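Below is one structure, written out as structure tokens, with a few remarks after it.
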Amino acid sequence: MSDNGKVIRKCIICGSDDYEIIFTFTYEFLTNTYKNVSPGYVDEIGWMPDTTSSIVRCRKCGSIYTRDVFVGYERAKGNNPLEEDVRASKTGYTIQMAECVGILHSILFLIQNSSFQQMRNSQKYIKFLDFGSGSGAISNLACAMGVRDVYALDPYTIYQKTFYEKYNFPGIVFSRDKEEIFKYAPFDVVVSSSVFEHLFDPMNELISIYDNMSKGSFFYITNPFMDIDREINQLRNAKAIYKKDIICHYHPGHINYLKPKQFKNLVENIGFEVLSFSVKPHVPLTKHSIKQHLYHNSVRFAKTAFNLLGVPYNRQAFIVRKK
Ligand SMILES: [Zn+2]
């Protein structure tokens, strides 16, 4: 029963079911070629030797998405019992976090400027939503930067309430349940990093965020830029894919492959005003050793140069505002 756990999606943007297949994930691919999951995990979540999941392109609007989503791939990770052993996050503050500090500073500055007076009059504090919070690193940053009311929402994270209570800043309101968090709406700042490529219904998730934001509030979004048209041959011909390889972002847990302009159109259609939109590499900061640091810096320098020349690299970032 290889179709157990599979759900068919129509186009995530226009709803059409007229599509062409671009790439098909197979059991063989996940157990032999793709080296970022253990073959045991693939069996554990219910893939059988004949299970497949395909990335398609909508013939009507051009959106790229996974049509037959194997739901277990993503959700199995979120179903651990609450009593499970709680450990500190291994990843800690990563390079993206360093970038995030800058972004949060900018957004908090913007919002303090635009609504400071109003907030002081109404004794209201900024409400900060970390959408797709994972281990809560961004929520911690927000707390460290002085935000009092921080809400962390993530339906699929392996991290539990007990993890948040033990390892994160006190006072962060965490839940896997959207309703539980949205009852604190409206939010004045929303941040989501590497979330939308995972969501089953990205358009409606964006709409529900929009509906739960205050007027004039800001939303910072970063998505990996998975340019399958450019990388398809590499993907098809790969013998082994490791975490260091750029094409390691193609796996059944990533189910939306919207290109930067498609994502921009989507947020604009929902009603957001796009203030800033960039496609860029990670910033050159924080690595464990000097050697690694220099190596990665030079790589990033090259990527930055590509970006300045208008050659898109591996990340898209948006700052949008609810008008
Ligand atoms: Zn479409």
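Taken together, the values in this text are just the output of simple stated rules run on the coordinates, not laboratory data. Quick caveat: nothing in here was measured; it's all calculated off a predicted structure. Cβ: placed from backbone, ideal geometry, glycine included. Neighbour counts: every protein chain shown.
Local charge sum around G136 (other residues, Cβ-Cβ under 10 Å, Lys/Arg +1, Asp/Glu -1)?
Values: positive: none; negative: D130, D154.
Every neighbour counted, the sum reads -2.
Please identify every one of the trypsin sites (Lys or Arg not before Pro) in region 167-218 that sits in a loop by DSSP and has no more than 12 other beta carbons within 10 Å of its own beta carbon.
Filter output for region 167-218: K183.
Sort 154-162, 256-264 by the packing proxy (mean of other Cβ within 10 Å over each peptide's residues), most packed first.
Values: 154-162: 17.7, 256-264: 20.2.
In decreasing order of mean packing, 154-162, 256-264 become 256-264, 154-162.
Net charge within 13 Å of M203 by Cβ-Cβ distance, Lys/Arg positive one each and Asp/Glu negative one each, not counting M203 itself? Spell out each step's value before the answer.
Details: positive: R9, K10; negative: D201, E205, D211, E268.
Net charge around M203: -2.
Output the peptides 128-139, 232-243 sorted from most to least packed, where packing is the average of other Cβ atoms within 10 Å over each peptide's residues. Intermediate values should be presented prior to the final figure.
Details: 128-139: 24.9, 232-243: 12.2.
Highest mean packing first, the order is 128-139, 232-243.
Name the long-range amide H neighbours of K259: under 5 Å, sequence gap of 5 or more, or other chain; modelled H, no Pro or chain starts.
When sequence neighbours closer than 5 places are left aside, the close amide H contacts are I64.
Summing Lys, Arg as +1 and Asp, Glu as -1, what charge do residues with Cβ under 15 Å from the Cβ of D18 carry, D18 excluded?
Details: positive: R9, K10, R57, R59, K60, R67; negative: D17, E20.
Around D18, the charge tally is +4.
Quick one: what are the phi-derived ³J(HN,Hα) couplings along region 184-197, Karplus 6.51/-1.76/1.60 with θ = phi - 60°, whole Hz, x for glycine and proline?
8, 4, x, 9, 9, 9, 10, 10, 9, 10, 6, 10, 5, 5
Using θ = phi - 60° and the Karplus relation 6.51 cos²θ - 1.76 cosθ + 1.60, list the HN-Hα couplings for region 25-34 in order, rounded to whole Hz, with x at every Gly or Pro.
Taking θ as phi minus 60°, the curve returns 6, 10, 4, 4, 4, 6, 8, 10, 7, 7 Hz for region 25-34.
Exceeding 20 Å between C-alpha atoms, which entries from my cross-link table qualify? They are K127/K323; K127/K183; K239/K261; K10/K35; K10/K215; K264/K322. It would help to have the intermediate numbers written out before the result.
Working: K127/K323 17 Å; K127/K183 12 Å; K239/K261 31 Å; K10/K35 30 Å; K10/K215 32 Å; K264/K322 14 Å.
The answer is K239/K261; K10/K35; K10/K215.
Search the structure for amide H atoms under 5 Å from the amide H of S194, placed 1.01 Å from N in the peptide plane, and list their residues when 5 or more places away or on another chain.
Those lying under 5 Å, H to H, from S194 are T222, N223.
Please turn the phi angles of region 39-56 into ³J(HN,Hα) values with the Karplus equation 6.51 cos²θ - 1.76 cosθ + 1.60 (θ = phi - 60°), one per residue in order, whole Hz, x for glycine and proline.
After applying 6.51 cos²θ - 1.76 cosθ + 1.60, I find x, x, 4, 4, 5, 4, 8, x, 6, 10, x, 9, 6, 9, 8, 10, 7, 10 Hz.
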